[in-house]
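Here the structure comes first, spelled out in structure tokens, and everything after it is commentary.
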Amino acid sequence: MIPAARRVLGVAALLTSLAAQAGAGPVPKPCPAEVPTSARCYTGEDSRGAYYWIAIPAGWNHQVLVMHAHGGPADTGPAKAERSEDDLKRWAVTVKAGYAWAGSTYRRGGYGVTMAAEDVEQLRRIFVKAFGPPRRTLLHGQSYGAGVASKAAEIYANVGGKRGPYDGVLLTNGVLGGGTVAYDFRLDLRVIYQYVCKNHPRSDEPDYPLWMGLPEGSKLTRAELARRVDECTGIGRPVAKRTQQQKSNLATILNVVKIPERSLAGHLNWATWLFHDLTQLRLAGRNPFGNVGVVYRGSANDAALNAGVLRYAADPQAAADLAADSAPQGRINAPVLALHAIDDPTAFVELESAYREVLQRAGTADLLVQTFSDEAEHSYLSDAEYPALFSALLDWIDKGEKPTPRKVLALCHGYEETFGKGCRIRPNYQSAPLDARVPPREP
């Protein structure tokens, strides 16, 4: 996924390249309505085609900058300027809490974790050049962006023999562990769905290996796929209007893949268009996903299902290239604080265990604190939880006070008067191993 020249480029040389490519400076722009009226906002486009928004609260005085790595990658085309504006609107709580905020669209849609990490770092340099260095810089990654942030924390841990630019990292509802670890279950979804429904592709359409997502030249639309899913499962209609066969089909898919009904369409979309982007555009038609030897459970007849599902072997080099781009190694030197919704329908909470195990193997787990909330959303959690997380992370950085989940909860309650009720952190919760959710692969 990363050109050979890029892989051998040293971090110091890479940062020099980023500085040279910083592009024109930020331009003042009226802030979105969600941002405090006293704040100043700026927009711009860097030299690689990534758009960005910056928001600086009144009285900021070069204190704390939060660099935001956004989620996705749902869009697989060119970068869209509105993406960063939408992120600022969603994360306006950061500015309300007194922190400067900067977010990049990344230079394009589609998969590319190291690319996205470089684009976040380029924006940080643009910010520092335009507004001066902050006292502290925090890196906040949400969803897929948490994978980006975990990678950036390693790429920029040390720069030119000195400690890197990020003082601490916040990961929320993270898609963690790298591309194969986080996306294997979507291959499971494709093969289980096809075994049950047999309409993606239909029998009269060109056959192709499902790990491709879609064959080149496919005209399938999201609306058409939604019609096919409804045809098979009745998911687009009230339960009372579903046939018994549709109910049975849906139950098999959800029980085996272990996803909630409301996330089926989204996961299937990702396993279609994002898989096409990842395998065809980023990995040159190679397959990083495999399900040989995987044992599926949860259907009315598991023996028949395991005998009948399509099986694919991963290309070892494709898997290695995907891991090189996206998988963390645990080589961090800054504190990392995480919050994950226990019933997150998109990024399984068990991915936190996968990330924790990476840091344990690397000997850096003492730099990780994970917290969990009994929420069931993915894209955004309670307002009051975010300033609590930032405060806990800054206390860890500035005072050496490593937070506990109970402390984060107490801080959260302290912010409820300003940001509203909603602190749902469960201090005693610990995520189960990923194998409890996703069947293990052959080594």
Just to be sure I understand, how many residues within segment 195-210 are in contact (Cβ under 8 Å) with a residue 60 or more places away in the chain, open to solvent by 30 Å² or more (accessible area, probe 1.4 Å) and either among the acidic types (Asp, Glu) or in contact with a helix residue (DSSP H, G or I) (Cβ under 8 Å, 6 or more places away or on another chain) (or both)? 1
Got a number for residues in segment 361-416 being in contact with a Gly (Cβ under 8 Å, 6 or more places away or on another chain), open to solvent by 30 Å² or more (accessible area, probe 1.4 Å) and among the polar types (S, T, N, Q)? 1
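Could you name every one of the strands (runs of 3 or more DSSP E) located completely within segment 39-92 that has at least 2 residues being touching a residue at least 60 places away in the same chain (Cβ under 8 Å) and farther than 20 Å from THR172 by Cβ? First the steps, then the outcome.
Numbers: elements: 40-45, 51-56, 64-69.
Of the strands (runs of 3 or more DSSP E) lying wholly inside segment 39-92, those with at least 2 residues that are touching a residue at least 60 places away in the same chain (Cβ under 8 Å) and farther than 20 Å from THR172 by Cβ span 40-45, 51-56.
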Can you find a residue that is of a type outside the set (Ser, Thr, Tyr), in contact with a Leu (Cβ under 9 Å, 6 or more places away or on another chain) and open to solvent by 10 Å² or more (accessible area, probe 1.4 Å) anywhere in segment 50-71? yes
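Picking from PRO215, PRO201, which residue would you name as being outside any helix (DSSP H, G or I), out of contact with any Lys or Arg (no Cβ under 7 Å at 6 or more places or on another chain), more than 30 Å from ALA324 (Cα to Cα) and not hydroxyl-bearing (Ser, Thr, Tyr)? Steps first, please.
Values: PRO215 fails: more than 30 Å from ALA324 (Cα to Cα).
Of the residues listed, the single one that is outside any helix (DSSP H, G or I), out of contact with any Lys or Arg (no Cβ under 7 Å at 6 or more places or on another chain), more than 30 Å from ALA324 (Cα to Cα) and not hydroxyl-bearing (Ser, Thr, Tyr) is PRO201.
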Among the residues in segment 166-176, are any open to solvent by less than 10 Å² (accessible area, probe 1.4 Å), hydrophobic (A, V, I, L, M, F, W, C) and touching an Asp or Glu at 6+ places or on another chain (Cβ under 8 Å)? yes
Sole exception among (1) part of a helix (DSSP H, G or I); (2) open to solvent by less than 60 Å² (accessible area, probe 1.4 Å); (3) under 28 Å from ALA74 (Cα atoms) for GLN317, by number: (2)
Checked segment 282-314 for anything among the hydrophobic types (A, V, I, L, M, F, W, C), open to solvent by 40 Å² or more (accessible area, probe 1.4 Å), more than 27 Å from ARG222 (Cα to Cα) and assigned to a loop (DSSP other than H, G, I, E, B); matches are VAL292, VAL295, ALA300, ALA313
Quick check on my filter: what residues within segment 354-392 are among the β-branched types (Val, Ile, Thr) and part of a helix (DSSP H, G or I)? VAL358
Cross-chain or 6+ apart pairs with Cβ under 6 Å, segment 393-421 first and in a loop (DSSP other than H, G, I, E, B), then among the hydrophobic types (A, V, I, L, M, F, W, C) and surrounded by 13 or more Cβ atoms within 10 Å (Cβ to Cβ): LYS402/TRP396; PRO403/VAL369; PRO403/ALA392; PRO403/TRP396
Please name all residue pairs, on different chains or six or more residues apart, with Cβ atoms under 6 Å, provided the first residue is in segment 351-365 and is farther than 19 Å from GLN142 by Cβ and the second residue is β-branched (Val, Ile, Thr) and open to solvent by 10 Å² or more (accessible area, probe 1.4 Å). THR364/ILE332
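Would segment 261-281 turn up any residue that is of a type in the set (Asp, Glu), open to solvent by less than 40 Å² (accessible area, probe 1.4 Å), at negative phi and in contact with a Lys or Arg (Cβ under 9 Å, 6 or more places away or on another chain)?
No: segment 261-281 contains no residue that is of a type in the set (Asp, Glu), open to solvent by less than 40 Å² (accessible area, probe 1.4 Å), at negative phi and in contact with a Lys or Arg (Cβ under 9 Å, 6 or more places away or on another chain).
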Single unsatisfied condition, LYS247 versus (1) within 15 Å of TYR193 (Cβ to Cβ); (2) in contact with a helix residue (DSSP H, G or I) (Cβ under 8 Å, 6 or more places away or on another chain): (1)
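Given the options LYS89, LYS129, LYS151, LYS96, name the one that is touching a helix residue (DSSP H, G or I) at 6+ places or on another chain (Cβ under 6 Å), open to solvent by 10 Å² or more (accessible area, probe 1.4 Å) and modelled with pLDDT of 95 or more. Break it down stepwise before answering.
Details: LYS89 fails: touching a helix residue (DSSP H, G or I) at 6+ places or on another chain (Cβ under 6 Å); LYS129 fails: touching a helix residue (DSSP H, G or I) at 6+ places or on another chain (Cβ under 6 Å); LYS96 fails: touching a helix residue (DSSP H, G or I) at 6+ places or on another chain (Cβ under 6 Å).
After ruling out the rest, the residue left standing is LYS151.
The values are calculated or read from the model by the stated rules, or taken from the named source; none is laboratory data. Just so you know, these numbers come straight off a predicted model, no measurement behind them. Quick reminder, even Gly has a Cβ in these numbers, built from the backbone with ideal geometry, and neighbours come from all protein chains shown. These accessible areas exclude ligands, DNA and RNA; they are computed on the full protein's heavy atoms, side chains included. Shrake-Rupley method; radii C 1.70, N 1.55, O 1.52, S 1.80 Å.
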